[in-house]
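Working notes, beginning with the structure itself.
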Amino acid sequence: MAVLAALALLAGNRMGGTAVAHEFEPPADTSGYAVPSIDHGAMAAIDGFRGRILALAAAVEAPDAELAALILHNGTQRANCLWLLVPGSVTDEASPLNLCAHAETAGLKAIVQKLRTVEETRAGAGALISDLDHAMVLHGTSFALCEYSGEVFNTASQVRPKLAAVPGYLFGKFMFELALILGFLFLALAGLRAVFPSRRSHGADRTPCADVRSGGEGGIRGR
């Protein structure tokens, strides 16, 4: 446990020296469509509406270059973020995947905004925005007020995380839980060994008896 604590402290120190929340860099290529950033309350809320947003976007039959670019960018960006499977990707600003998740969820909002201008999905987008705005209010923001003026992503540029920092982040964040799991496993193994002694110890107990029986039979035959 002491070793685990020391390693976690070391990992935390390394993270503290290298991981800064939102080290935003302007897109290298701005030839695509702009994707305005959103605040963290909106990120947490819109993440739960991904399925509805993409399903509504899939209902658009008429070709639309901007919508196609936004959907492609969002799918690729999500893959860059390891599909947001790493805990804390959306909710923790210190996560090395948070800025990547920021770009991905901002893309979802841009898709909704675009769907509101398309005839086929205008009504559905209005209902979706109503539900989404309610969820955002519960997270301390709203659909109309969740943009950051200083950060703008672009469909022509992908935000890629520093994947090498992910193991250290996870170890530092979940060190306590990991120590509990390892401690439980240690106690469980110790209990099993106490209840079920090893075969070697049983074999050692039976060996003298076998020798005695063997000697006894030899003695009888000798007589």
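The values are calculated or read from the model by the stated rules, or taken from the named source; none is laboratory data. Nothing here was measured: the structure is a model prediction, and the numbers come from that model. All Cβ positions, even for glycine, are placed from backbone atoms using ideal geometry, and neighbour counts span all protein chains on display. Ligands, DNA and RNA are excluded from the accessible area calculation, which covers all protein heavy atoms including side chains. Shrake-Rupley method; radii C 1.70, N 1.55, O 1.52, S 1.80 Å.
Quick check for you: with a 1.4 Å probe and neighbouring chains kept, what is the accessible area per residue of the stretch 64-156, in Å²? Could you put the intermediate results ahead of the total?
Details: 3960 Å² over 93 residues.
Heavy-atom SASA per residue in the stretch 64-156 reads 43 Å².
May I ask you to compute the full-extension gain from LEU85 to VAL152, defined as 0.36 nm times their residue separation minus their alpha-carbon distance, rounded to one decimal in nm?
Details: separation 67, 0.36 × 67 = 24.12 nm, distance 2.43 nm.
Stretched fully, the LEU85-VAL152 segment lengthens by 21.7 nm.
Kindly write out, for the stretch 52-60 in residue order, the coupling ³J(HN,Hα) from the Karplus curve 6.51 cos²θ - 1.76 cosθ + 1.60 (θ = phi - 60°), rounded to whole Hz, with x marking Gly and Pro.
5, 5, 5, 5, 5, 5, 5, 7, 6
In nanometres, what is the gap between the two model label sites at PHE196 and ALA65, each 7 Å from Cα along Cα-to-Cβ?
Label at PHE196, label at ALA65, 6.8 nm between them.
Shape of the stretch 88-149 from its Cα gyration tensor (a ≥ b ≥ c, root eigenvalues): rounded if a/c is under 1.5, otherwise prolate when a/b > b/c, or oblate?
Numbers: a/c = 2.63, a/b = 1.76, b/c = 1.49.
Verdict is prolate for the stretch 88-149.
For the stretch 115-127, in order, what is each residue's ³J(HN,Hα) by Karplus, 6.51 cos²θ - 1.76 cosθ + 1.60 with θ = phi - 60°, in whole Hz (x at glycine and Pro)?
Rounded to whole hertz, the list is 4, 5, 9, 8, 4, 5, 10, 4, 5, x, 5, x, 5.
Give me the distance between the Cα centres of the stretch 143-170 and the stretch 26-60, rounded to whole Å.
11 Å
Show me the ranking of peptides 159-168, 54-63 by mean Cβ neighbours inside 10 Å, starting with the highest. Walk me through the numbers before you get to the answer.
Details: 159-168: 15.3, 54-63: 12.8.
Descending mean neighbour count gives 159-168, 54-63.
Nearest 0.05, what FRET efficiency do GLU120 and LEU54 give at R0 = 22 Å with Cβ-Cβ as r? Please list the in-between numbers first.
Details: r = 15 Å, r/R0 = 0.68.
It comes out at approximately 0.90.
Please give the FRET efficiency for ALA34 paired with ILE181, using the beta carbon to beta carbon distance and R0 = 30 Å, rounded to the nearest 0.05. Spell out each step's value before the answer.
Working: r = 45 Å, r/R0 = 1.50.
Plugging the Cβ-Cβ distance into 1/(1 + (r/R0)^6) gives 0.10.
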